[in-house]
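A short reminder: the numbers here are calculations on the coordinates, not readings from a lab. Nothing here was measured: the structure is a model prediction, and the numbers come from that model. All Cβ positions, even for glycine, are placed from backbone atoms using ideal geometry, and neighbour counts span all protein chains on display.
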Amino acid sequence: MADLIFRYGAMGSSKTANALMLRYNYEEKGQKAVLLKPATDSRDGDKTVKSRIGLQAECFIAEEYLRNGDEVFTGIDALIVDECQFLNPEDVQRLAYIADFYDIPVYCYGLRTDFRSHMFPGSARLFELADKIEQIPTVCWCGRRAHFNARVSDGKLVREGEQVLLGGNESYVALCRKHFYEGKLSAE
């Protein structure tokens, strides 16, 4: 039986780059790895996954692909899902089903928590169902491991707002717990 794997990390931990490298590794070996992302993630276009370091690949929209019927899973060696925190719990349940009943390994990459340190629904369901959970580490400005995704605006930490606000370095910074709670974005 194949595994459902959740690889999570704070912003800037190279989750997307890791997902794209995994896809490349499968395809380099002559295997078919299907890359998915949720419709919510429209930053780089509807059907493109792009990392901050410039790696990119075409993808399918997860919600559409998962509802296309069972024939889309024929001949697939792996499913790789980027930004999986944006999936709803039912789609995560479908990914577990695919791993169990189609014997296709499913690799999910995403955030554990939002800018308020609350779990995303998709991430919460992955913590409940995943066979393997792996953290992709990154560091705070102080050098400690960063677990938190601080939303910033005008150089200040933002603590209220909608759970989903798409953005990159201009909108988020990874912080350790101490500096997240202090609201300290740098040594200055």
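Could you state the angle between the C-alpha long axis of helix 89-101 and the longest principal axis of the C-alpha atoms of the chain, as a value from 0 to 90 degrees rounded to the nearest 10?
Helix 89-101 sits at roughly 40 degrees to that axis.
Please report, to one decimal in angstroms, the Kirkwood hydrodynamic radius of segment 5-104 built from all distinct Cα-Cα pairs.
13.9
Cα-based Rg of the chain per 2.2 N^0.38 Å, rounded to two decimals?
1.03
For the chain, how many pairs of lysine residues have a Cα-Cα distance under 17 Å, where the two are 8 or more positions apart or belong to different chains? Please list the in-between numbers first.
On the way: LYS15/LYS37; LYS15/LYS50; LYS15/LYS132; LYS37/LYS47; LYS37/LYS50; LYS156/LYS178; LYS156/LYS184.
Count of close lysine pairs: 7.
Please state the Cα pair-distance histogram of segment 97-149 with 10 angstrom bins from zero: what percent is in each bin?
Percent of pairs per bin, in order: 21, 45, 24, 9, 1.
Rounded to the nearest 500, what is the chain's calculated 222 nm mean residue ellipticity when only DSSP H runs of at least 4 contribute -39500 (n - 2.57) each, over all residues? If you can, show how the numbers build up before the last one.
Working: 5 runs with 46 residues, N = 188.
Value at 222 nm, helices only, nearest 500: -7000 deg cm²/dmol.
Given +1 on the Cβ of Lys and Arg, -1 on the Cβ of Asp and Glu, and no further charges, what dipole in debye does the chain carry about its Cα centre, rounded to the nearest 20? All intermediate terms of the calculation are to be shown ahead of the outcome.
Values: 24 positive and 28 negative charges, 195 e Å.
Roughly 940 debye, rounded to the nearest 20.
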